Amino acid sequence: MSEETQAPAVDERGLQEAKLREEELRSQINYHDYRYYALDSPEVSDSQYDGLMRELRSLEEKHPELITPDSPTQRVSGMPVAAFGVVEHKVPLLSLANAFSEDELRAWHRRVTNLAELNDIAMVCEPKMDGLAVALVYEAGAFAQGATRGDGARGENITQNLRTIRSIPLSISKPAPERFEVRGEVYMTKKGFERLNEEQANKGQRLFASPRNSAAGSLRQQDPTITASRPLDIFVYQLGWAEGGGAPSAHWEMLKWLGELGFRVNPLTERYTDVDAVVEHVKAWEERRERLDYEIDGVVIKVDDLSIQRSLGFVGREPRWAIAYKYPATQATTKLKNIEVNVGRTGSLNPFAVLEPVVVAHATVKLATLHNEDDIRRKDIRIGDTVIVQRAGEVIPQVVGPVVSTRTGEEREFEMPKECPVCGTAVVRPEGEAMSYCPNRACPAQIFRLLTHFAGRGAMDIEGLGESLADQLLRSGLVSDLADVYYLTKEQLLTLERMGDKSAGNLVANIEASKSRPVTNLLFGLGIRHVGYETAELLANHFGGIDAMAAAELEELEAAPTIGPKTAESVYEYLHDETNLALIEKLRQAGVRLQGEKAAAREGPLQGLAFVVTGSLERWTRNEVEGMIKGLGGSIGSSVTKKTAYVLAGENPGSKLDKAQEYGTTVLDEEGFLKLLDEKGRNQ
């Protein structure tokens, strides 16, 4: 066989490997987004998360045909927690692109000046606070509403809790727009955090992991008096929107104006007119940040002139006119005593590092998460190694890699257990996946993790059903599957340890209330492999309910917007398993909501038409053209199916073009797409 005939097979194999890695990265990022934004309980460091995102971006740049609308690179991370009520942001709170080196910062500056057609440009540098972003709305000079950033489009209504922060003005006495929104970062000082943990320890209560974690947790208290007792503060960094005139036309002047209105603006903010000064500023604060009484993890750089900001616009969900320069994570070395394994809710075996205690970034580190067996092999991490531990800010650290020069020869390679460490069932590793699994759905560890996930925020949100109670319910035999929760009685709960009459009554009421949660929450709570919150929402919007999903063929599941073959197969298998179907029927009989409503299709000349965009385009970015299609009523798919109406193909379209030709799908170039828009517009 010639090299020419072999090459496509190699390319196809490389694309398949890239696709598997891309799906793994998306799954990990979506999970960590949920832990960080919804649960305030992160499991990885900021630098580790940034590494996952950078790897995914790099992979999608090399293989643009893999990009789908539900990719973490195409969306603002985070989600609102419905317990406080949802606030729709009038103008989305967008995320920022990151720079990790001087070269990347200067490259951003070159792009900005080139697009603005200027030799240089004034910029404002602000400390990048490590807290919780909030949006404060004022009406007729009074503080009317406060919300978290949430997913960027929607946040949690935490108005009453924000009112307790003394640095947030409740009224504005100076002339201001009739209605406007300011944005800021709520944080806790290092000293305040230490005092809070001392108080928690004296009360015998759980300690907080970090200032950021404690600030976020304080703002999510159901009782505002608890929030009021916490040492919270805020720096305002931007005007979100305003109705009526009066606001300055430059960001620097805007910050001064907000300060004059009574808002707390960071005094360390500086304005510069050339990039060399910005670079010096960033480097200086990298050395000096430890002297501050609050955590920062970088510097935000913004174009000063608001008219230039507007002209620069956005790329995807990120403004072109701003960037976050992020500092390297703090590192230390210590001994890796052991690698142990816990079992997750889907049966995944998750290795973690047991370390000799070491102080990193003001915290004593004893444990560190490890991705999977392949990651351990890739980094050549061995039990007994001296390892580099990295911790960005307050978050749980990662093992960067071993210090090979210190090896003595006594180090041992890690071997994934052949049997589940909890139930003893033989472990399996599906072909093409990075994780090993315990296939025993009756495994006590899986049931415990699944039950706590099911009752947690983002899923059925059953307040009061935490890890301790879940453990008791399982050990007592009162619960053996998820549906059993809905058959618990107050009398049964009163037989449990530390369960009083009021607590039992409240829990029964909370369980009853959870029956009406949206189908998205239930679908996410069931713990189907590869189905995170965003995927659950897409499926719920597309099918409307669990029954329609269960009745769908595999191809129909794959045809749902942005749902890939692996996810579709996982959902199909779950909903065709007798045990799972019995669980769903048991939930139905208990009165749990299984039916929702399909999302209404957008009206427009492309309504009802499914598009797939593949390859590199000259006229638009992928985000721009996909946004245009959706704005005109069309839908975007991640893969070509029989329901795909058109494939818009640029250079290097990859295997999607082959699939389109196989199905006989119409393929358009950019000129053809413009002609289609013109034709559909005339016929509407």
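What do you reckon, is Glu17 surrounded by fewer than 18 Cβ atoms within 10 Å (Cβ to Cβ), of a type outside the set (Gly, Ala, Ser), at pLDDT below 85 and assigned to a helix (DSSP H, G or I)? Criteria met by Glu17.
Scanning segment 235-263 for residues that are surrounded by fewer than 19 Cβ atoms within 10 Å (Cβ to Cβ) and touching a helix residue (DSSP H, G or I) at 6+ places or on another chain (Cβ under 6 Å) returns Pro248, Ser249.
Within segment 586-615, the set of residues being of a type in the set (Lys, Arg) and modelled with pLDDT of 85 or more comprises Lys586, Arg588, Arg593. For residues that are more than 30 Å from the chain's Cα centre (by Cα) and surrounded by 15 or more Cβ atoms within 10 Å (Cβ to Cβ), scanning just segment 264-280, find the one that is farthest from Val112 (Cα to Cα). So, considering only residues that are more than 30 Å from the chain's Cα centre (by Cα) and surrounded by 15 or more Cβ atoms within 10 Å (Cβ to Cβ), the one farthest from Val112 (Cα to Cα) is Glu270.
For segment 125-161, a tally of residues being closer than 30 Å to Tyr327 by Cα, free of Cβ contacts under 8 Å to residues at least 60 places away in the same chain and not in a strand (DSSP E or B) returns 0. Among the residues making up segment 527-548, those that are among the small types (Gly, Ala, Ser) and touching a residue at least 24 places away in the same chain (Cβ under 8 Å) are Gly527, Gly532, Ala540, Gly544, Gly545. Note on segment 108-124: residues that are in a loop (DSSP other than H, G, I, E, B) and either outside the structural domain of Leu93 (by TED's automatic domain parsing) or of a type outside the set (D, E, K, R) (or both) total 4. Kindly establish whether Gly184 is in contact (Cβ under 8 Å) with a residue 60 or more places away in the chain, in contact with a Lys or Arg (Cβ under 6 Å, 6 or more places away or on another chain) and not basic (Lys, Arg). Considered against the rule, which asks whether it is in contact (Cβ under 8 Å) with a residue 60 or more places away in the chain, in contact with a Lys or Arg (Cβ under 6 Å, 6 or more places away or on another chain) and not basic (Lys, Arg), Gly184 comes out as no. A Cβ distance below 9 Å, combined with a sequence gap of six or more or placement on separate chains, defines the contacts here; from segment 549-562, residues that are at pLDDT below 85 reach residues that are charged (D, E, K, R) and assigned to a loop (DSSP other than H, G, I, E, B) in the pairs Ala559/Lys642; Ala559/Lys643; Pro561/Asp70; Thr562/Asp70.
Among the residues making up segment 309-330, those that are closer than 17 Å to Glu117 by Cα and in contact with a Phe, Trp or Tyr (Cβ under 7 Å, 6 or more places away or on another chain) are Gln309, Leu312, Arg320. Glu569: of a type in the set (D, E, K, R), at pLDDT below 95 and buried (at least 18 other Cβ atoms within 10 Å of the Cβ), yes or no? Against the criterion (of a type in the set (D, E, K, R), at pLDDT below 95 and buried (at least 18 other Cβ atoms within 10 Å of the Cβ)), Glu569 does not qualify.
Of the residues screened, Glu253 is not one that is within 27 Å of Ala368 (Cα to Cα), at pLDDT 90 or above, among the acidic types (Asp, Glu) and over 22 Å from the mean Cα position of the chain (by Cα). For segment 295-317, taking the residues that are of a type in the set (A, V, I, L, M) and within 30 Å of Ala216 (Cα to Cα), the one that is farthest from the chain's Cα centre (by Cα) is identified as Val303.
Exactly one residue among Glu624, Glu618 is surrounded by fewer than 19 Cβ atoms within 10 Å (Cβ to Cβ), farther than 29 Å from His530 by Cβ and either touching an Asp or Glu at 6+ places or on another chain (Cβ under 9 Å) or modelled with pLDDT under 80 (or both), and that residue is Glu618. Screening the candidates Asp297, Asp305 for the property of being touching a Gly at 6+ places or on another chain (Cβ under 9 Å) and buried (at least 18 other Cβ atoms within 10 Å of the Cβ) yields one hit, Asp297. Here Ala582 passes the criteria (1) surrounded by 19 or more Cβ atoms within 10 Å (Cβ to Cβ); (2) among the hydrophobic types (A, V, I, L, M, F, W, C); (3) more than 28 Å from the chain's Cα centre (by Cα) except the one numbered (1).
Just to be sure, is Met460 of a type in the set (A, V, I, L, M, F, W, C) and within 27 Å of Lys586 (Cα to Cα)? Spelling it out, Met460 is indeed of a type in the set (A, V, I, L, M, F, W, C) and within 27 Å of Lys586 (Cα to Cα). Identification of strands (runs of 3 or more DSSP E) wholly contained in segment 304-391 with 2 or more residues that are more than 29 Å from Pro64 (Cβ to Cβ) yields 330-343, 349-360, 363-369, 386-391.
When segment 309-361 is examined, which residues are found to be surrounded by fewer than 18 Cβ atoms within 10 Å (Cβ to Cβ) and of a type in the set (Val, Ile, Thr)? Hits for segment 309-361 are Val315, Thr333, Val354, Val358, Val359.
The values are calculated or read from the model by the stated rules, or taken from the named source; none is laboratory data. Note that the coordinates shown come from a computational prediction; the quantities given were computed from them, not determined experimentally. Counting neighbours? That spans all protein chains shown, and the Cβs are built from the backbone with ideal geometry, glycine included.
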